[in-house]
Amino acid sequence: MADEVVSYLACRPGGIYVDLTLGGGGHTLSILKATGPDGRVIGLDVDGDAIEEATALLEPFTGRVVIMRENFKDIKRLLGHEGLDKVDGMVLDVGVSSYQLERGERGFSFMRDARLDMRMDRRNPTSAFELVNGLKEKELERIILLYGEEKRARKIARAIVEARKKEGISTTGELAQVVAGCVGRGYSKTHPATRVFQALRIAVNNELENLKTGLEEGIDVLRTGGRMVVISFHSLEDRIVKETFRSFSRGCVCPSDIPQCVCGLTPKAKLLTKKVVFPAREEVRSNPRARSARLRAIERI
């Protein structure tokens, strides 16, 4: 949704923008083109492979882009290191990237058999392998139910614990087989392990807590009139974005039965997207994964 991102950010020459999830550099490239000749972008990502790919793509814009291998949840501190306290806009593309899914050795997908990993930041000592083979059954159930919204979490957690007693579960294929053997394929178009893999990935990378922190820090570094655009891909992420953006636009948190505000909180932003924005049909046709994308945007006031 590069066109939508540039449009909602209201990109302009001379502006300073932050790509909180750099990935392969696609959004940053679009922003740099839209803000020429002197717009600047700070690109953040914890994935070393993504940093390498984006650096190559953005090489023609050296001098207008700063790339850091850092987590977007630390945006205030990172901008401080650059001598900045406010920016004109930021984009956050949440969750796993196509880049990560397509590289089987990263262990994000059961489409390619590889060692269980799922770390976006491979400096993180805990991978999906440790969770699957080390967590107690109740904790596995909690993760699968909470982060995967999987109703059969208890049954799946029990099957994982039983399977790992024999030989351990080392690969994506082995885990997918355990889940499919436990709950069956049924009539769903999606693989029965899809939600389990989502849950483990979120847990490994602390994605939801990072998202909450990143949104709270991000609004504070937007200058008046600055904009934040967030693209999410599943209901858990979108719910957090929706509720957080509403809280930014609402301000007061006093109970409705109190006749006069006593909290003193005022709105920080206005909603630019009162309803979620979906990708155009043309984009979905060219990139089927985009069908799940949901965009929301706010403007600092």
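The values are calculated or read from the model by the stated rules, or taken from the named source; none is laboratory data. Just so you know, these numbers come straight off a predicted model, no measurement behind them. Please note: Cβ atoms are built from the backbone with ideal geometry, for glycine as well, and neighbour counts cover all protein chains shown.
Any idea which residue in the range 271-288 is farthest from residue 9 (Cα to Cα), counting only those that are surrounded by 14 or more Cβ atoms within 10 Å (Cβ to Cβ) and in contact (Cβ under 8 Å) with a residue 12 or more places away in the chain? Break it down stepwise before answering.
So in the range 271-288, the residues surrounded by 14 or more Cβ atoms within 10 Å (Cβ to Cβ) come out as 271-273, 277-279, 283-284.
Now drop any that are not in contact (Cβ under 8 Å) with a residue 12 or more places away in the chain, which leaves 271-273, 277-279, 283.
Numbers: 271: 13, 272: 10, 273: 12, 277: 14, 278: 16, 279: 16, 283: 19 Å.
Among those residues, the one meeting the criterion is 283.
Which one of these is in the same structural domain as residue 87 (by TED's automatic domain parsing), among the aliphatic types (A, V, I, L, M) and at pLDDT below 95: 211, 272, 222, 265?
Values: 211 fails: at pLDDT below 95; 272 fails: at pLDDT below 95; 222 fails: at pLDDT below 95.
Criteria check complete, one pass: 265.
Suppose we filter the range 17-40 for residues that are within 10 Å of residue 65 (Cα to Cα) and among the β-branched types (Val, Ile, Thr); how many remain?
Looking only at that region, the number is 2.
Given the condition over 15 Å from the mean Cα position of the chain (by Cα), surrounded by 22 or more Cβ atoms within 10 Å (Cβ to Cβ) and closer than 23 Å to residue 227 by Cα, answer yes or no: does some residue in the range 62-77 qualify?
Here is the first cut: in the range 62-77, the residues over 15 Å from the mean Cα position of the chain (by Cα) are 62-69, 76-77.
From the residues that got through so far, the ones that are surrounded by 22 or more Cβ atoms within 10 Å (Cβ to Cβ) too are 65.
Checking which are closer than 23 Å to residue 227 by Cα leaves us with 65.
Yes.
Looking at (1) modelled with pLDDT under 95; (2) surrounded by fewer than 17 Cβ atoms within 10 Å (Cβ to Cβ), which is the one condition that is false for residue 233?
(2)
Give the range 1-41 a look and list any residue that's among the aliphatic types (A, V, I, L, M), surrounded by fewer than 19 Cβ atoms within 10 Å (Cβ to Cβ) and at pLDDT 95 or above, or say none. Steps first, answer last, please.
Residues of the range 1-41 among the aliphatic types (A, V, I, L, M): 1-2, 5-6, 9-10, 16, 18, 20, 22, 29, 31-32, 34, 41.
In the following step, the residues that additionally are surrounded by fewer than 19 Cβ atoms within 10 Å (Cβ to Cβ) were identified as 2, 10.
If the condition is that a residue be among the aliphatic types (A, V, I, L, M), surrounded by fewer than 19 Cβ atoms within 10 Å (Cβ to Cβ) and at pLDDT 95 or above, then 10 is the only one that fits.
Select from the range 54-82 the residues that are farther than 26 Å from residue 297 by Cα and at pLDDT 95 or above and list them in ascending order.
So the first thing to find is which residues in the range 54-82 are farther than 26 Å from residue 297 by Cα, and the list is 55-57, 59-63, 81.
The answer is 55, 56, 57, 59, 60, 61.
Those residues that are surrounded by fewer than 21 Cβ atoms within 10 Å (Cβ to Cβ) and at positive phi, I need them from the range 113-153; list them, please.
Across the range 113-153, the qualifying residue is only 149.
Please verify whether the range 188-205 includes one or more residues that are under 30 Å from residue 85 (Cβ atoms) and in contact (Cβ under 8 Å) with a residue 12 or more places away in the chain. Show your work before the answer.
Applying the first criterion (under 30 Å from residue 85 (Cβ atoms)) to the range 188-205 yields 205.
Checking which are in contact (Cβ under 8 Å) with a residue 12 or more places away in the chain leaves us with 205.
Checked against the condition, which is being under 30 Å from residue 85 (Cβ atoms) and in contact (Cβ under 8 Å) with a residue 12 or more places away in the chain, the range 188-205 yields at least one hit.
Taking the range 92-107 as the search range and keeping residues that are in contact with a Lys or Arg (Cβ under 9 Å, 6 or more places away or on another chain) and among the aliphatic types (A, V, I, L, M), which one is farthest from residue 269 (Cα to Cα)?
101
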